[in-house]
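First comes the structure, then the notes that go with it.
The values are calculated or read from the model by the stated rules, or taken from the named source; none is laboratory data. This structure is a prediction, so every number in the text was calculated from the model and none was measured. Every residue, glycine as well, gets a Cβ built from its backbone with ideal geometry; the counts of neighbours run over all protein chains shown. The accessibility values were calculated without ligands, DNA or RNA, using every heavy atom of the protein model including side chains. Shrake-Rupley method; radii C 1.70, N 1.55, O 1.52, S 1.80 Å.
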Amino acid sequence: MALESVQDEIRSLVAGYTSIQALLAIQQDERAAVKTACVKMARALLDKTRSATSYHQLAVRWLNAARCFSDPTGTDQDIALVSAQALQRLKHFRAAKDEWTVLAEDPGSPHQQHARDQASACAQSLEQLCGEECKQPKTVLQDLEASPIKALRNFGAKTVSPFAKGGDTPLAEAVAALDASPSLTSSSRSKKLQGLLHALTATPSGPDNTPDVDATELLAEFLPNQPSVNVAARILSWNIKLANVTDAKGNQLRNMIKSKMANIAQLAVKMQADAIVLQELPGSFYELKGSDNHKAAVKDAWVKGELARALLDAQGAGTHIVEYDFREVAIHKWVGHPGDVTKDEGEHHLFAWDKSKYTVVKDPVALEPADGEAFHRAPCWMLLQDQTIDSHLALVSCHLKSGGQELTLHDAKLMALQCHALVERLRTEHGEVAMLVLGDFNLDARQVQRAFHTTHAESDFASLLDLSSHIPSNMYRFTANGEAVNGHAYDGAFLNSPKHSGTAVVHDTNTILPKVTQEMEAIGKAIHDALPEWTSLSKLTQAALKSLKPKAGATDNVPALIRNLYREEVARQWSDHVPVSVEIVEKVESRIVDHP
């Protein structure tokens, strides 16, 4: 199919949408058509005469965009087939083999035999490639400047100590060992060892974006002509779930923090975040009831240190390195009557920002309650001055009391009341100020929006999430029955600015952990298929194995036990929340007035 006709098809499909956010939120029946068009685009790129590597790389990105609109509950045959072809042409033989194997093992696939043949061909090519790259007498640590692993950061003797011969291990032997022993790549040095394997067996295929990033970048040019926008700020918010001593055992805490900060740093660099706001950091609860490690995490600011390192690592050796500054602030959580300092089970919040863009006007502090009132867990705020456009940004970070009932609603209304008063005062003192209130509200965005309007009849605070859609911001795929309808949408963002508008995107489970969810489903299906008919089992066996049954309503058939194991590990490496990214743009009418 000619590229031009596919482009026309995509243009007609998105003609009725004015933004990427609206397109990404379309209903399931409309998503299939957009997915199919993205796959057609990838296939057309591969079909081009003398198709170059750049076309293959672009095809992979279009397939990634297609995943944004595919059904996340199973293998998409169309995407898998074209993806396998593209990866094979890029000589990504390991990834291509994996895609072909999925197709070969799918009983519903019409491509089973072809997929088996291609998986075998990829395995042979992989073996040949490894043989060429790993010729004797070259060893893992020998002649690094001429080695394919020269780009790996901090790759040294400690990294290769799991090999029997350490740094003297021949490259071919090292690759064979990594392939044969999963325990090597599950060690604390797994990322570097996996990097070694990747460097020896793969060819870079371009940007490693998440599906929503590729969908945004590739489909934007097909939207109806819109006035160009000036992006004023990109902010990333995340509840990292490390405030309660039960969230992390002392001996696991350091590694958990490293994993979480590495993940958020990767996302921050991809979206080019100007600022990062984190909730539920170690705080007074750790100091009150934690182990020595818990207390050290607070005293020595482990999260801040690991985030700083992770942001540098995620940026790699680029020509422009964003240097971030950081501030932590302690937040009280009153148990019982608010203000009872003897029962403070609080947390810290963390603000990070691009030093070249912002200067600090006001360091983070807790939001003061109204006279005679008190927060159960107060929001906090800071004021930044944007040096690039001479305006101010007030960031308000929230982790309101959990429960969603009367006490949570009380804190939401009190927060709304005080934010209205604060933004008016800041504009009197500093002129142009945009206020962004974001974080974990423990309430649906509609309830928070109602709180703003209840406390101020002419409230200018607007939700940046689409209030008509229910996009869970918790890791719902790994909780209860894994269905989105039961997920919580408690994280969000609200903007008050006469000259700016914005959008917020929830980075849901299917976009940040697509492979993990697919693996969980495959394992769940294997267990489900292996079990005999449940009603044929004795009552004792049913009682003993009840955790191997899926929860009621689980359409993926993942046993409760398996889902819970994933939930625990996801919480260790990520959180029970997903990140929310915000993009603030200058309103068109403001640009017309201010910049004729």
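Mind checking the full-extension length gain between residue 254 and residue 327? Use 0.36 nm per residue of separation minus the Cα-Cα distance, one decimal, nm.
Details: separation 73, 0.36 × 73 = 26.28 nm, distance 1.98 nm.
So the chain would gain 24.3 nm between residue 254 and residue 327.
From the Cα gyration tensor of the stretch 236-394, with a ≥ b ≥ c the square roots of its eigenvalues, which class applies: rounded if a/c is under 1.5, or else prolate if a/b is larger than b/c, or else oblate? It would help to have the intermediate numbers written out before the result.
Details: a/c = 2.78, a/b = 1.25, b/c = 2.21.
Because a/c hits 1.5 or more and a/b fails to exceed b/c, the stretch 236-394 counts as oblate.
What full-extension length gain, to one decimal in nm, is calculated for residue 537 and residue 390 as 0.36 nm per residue of separation minus the Cα-Cα distance? Mind showing how you got there, number by number?
Values: separation 147, 0.36 × 147 = 52.92 nm, distance 7.14 nm.
Full extension from residue 537 to residue 390 adds 45.8 nm.
Based on the Cβ-Cβ distance from residue 3 to residue 527, what FRET efficiency comes out when R0 is 41 Å, to the nearest 0.05?
Values: r = 44 Å, r/R0 = 1.08.
Computed FRET efficiency for residue 3 and residue 527: 0.40.
Using label points projected 7 Å from each Cα along Cα→Cβ, tell me how many nm separate residue 19 and residue 360, to one decimal.
Taking the simple label geometry, residue 19 and residue 360 are separated by 3.2 nm.
Describe numerically, in nm with one decimal, the distance between label points set 7 Å from Cα along Cα→Cβ at residue 164 and at residue 555.
5.0
Within 10 Å, count the other beta carbons around each residue, average over each peptide in 507-514, 371-378, and list them highest first. Numbers along the way, then the final one.
Details: 507-514: 20.8, 371-378: 16.6.
Peptide ranking by packing, descending: 507-514, 371-378.
Roll a 1.4 Å probe over the protein heavy atoms and report the accessible area of residue 55 in Å², nearest 10.
Answer for residue 55: close to 80 Å² accessible.
Leaving ligands and nucleic acids out of the surface, order 533, 9, 30 by accessible area at 1.4 Å, largest first.
Numbers: 533 120, 9 50, 30 80 Å².
Listed by decreasing accessible area, they come as 533, 30, 9.
Take the cross-link list 249/295; 355/587; 258/304; 249/289; 304/362 and give me the ones stretching past 21 Å between alpha-carbons. Mind showing how you got there, number by number?
On the way: 249/295 12 Å; 355/587 25 Å; 258/304 10 Å; 249/289 12 Å; 304/362 19 Å.
From 249/295; 355/587; 258/304; 249/289; 304/362, over 21 Å: 355/587.
What is the distance, in nm, between label points placed 7 Å from the Cα along the Cα-to-Cβ direction at residue 270 and at residue 460?
3.5
Ordering 575, 291, 536 by how much accessible area each has at a 1.4 Å probe, largest first, what is the list? Walk me through the numbers on the way to the answer.
Working: 575 0, 291 50, 536 85 Å².
Listed by decreasing accessible area, they come as 536, 291, 575.
Under a 1.4 angstrom probe, counting protein chains only, how are 426, 24 ranked by accessible area, largest first?
Values: 426 5, 24 40 Å².
If we order 426, 24 from most to least accessible, we get 24, 426.
Sort the stretch 494-596 into rounded, prolate or oblate with this rule: let a ≥ b ≥ c be the square roots of the eigenvalues of the Cα gyration tensor; rounded if a/c is under 1.5, and if a/c is not under 1.5, prolate when a/b is larger than b/c, oblate otherwise. Intermediate values should be presented prior to the final figure.
Values: a/c = 4.24, a/b = 4.11, b/c = 1.03.
The shape class here is prolate.
Over the stretch 346-420, with every protein chain in place, what whole percent of the accessible area is carbon and sulfur at 1.4 Å, could you tell me? Working shown, then result.
Details: 1310 of 2750 Å².
Here it works out to 48 percent.
What accessible area per residue, rounded to a whole number of Å², is obtained for the stretch 492-596 using a probe radius of 1.4 Å? Don't skip to the answer; put the middle values down first.
Working: 5350 Å² over 105 residues.
Here the residues of the stretch 492-596 average 51 Å² of exposed surface.
Heavy atoms of the protein only, probe of 1.4 Å, neighbouring chains included. What is the accessible area of residue 567 in Å², nearest 10?
90
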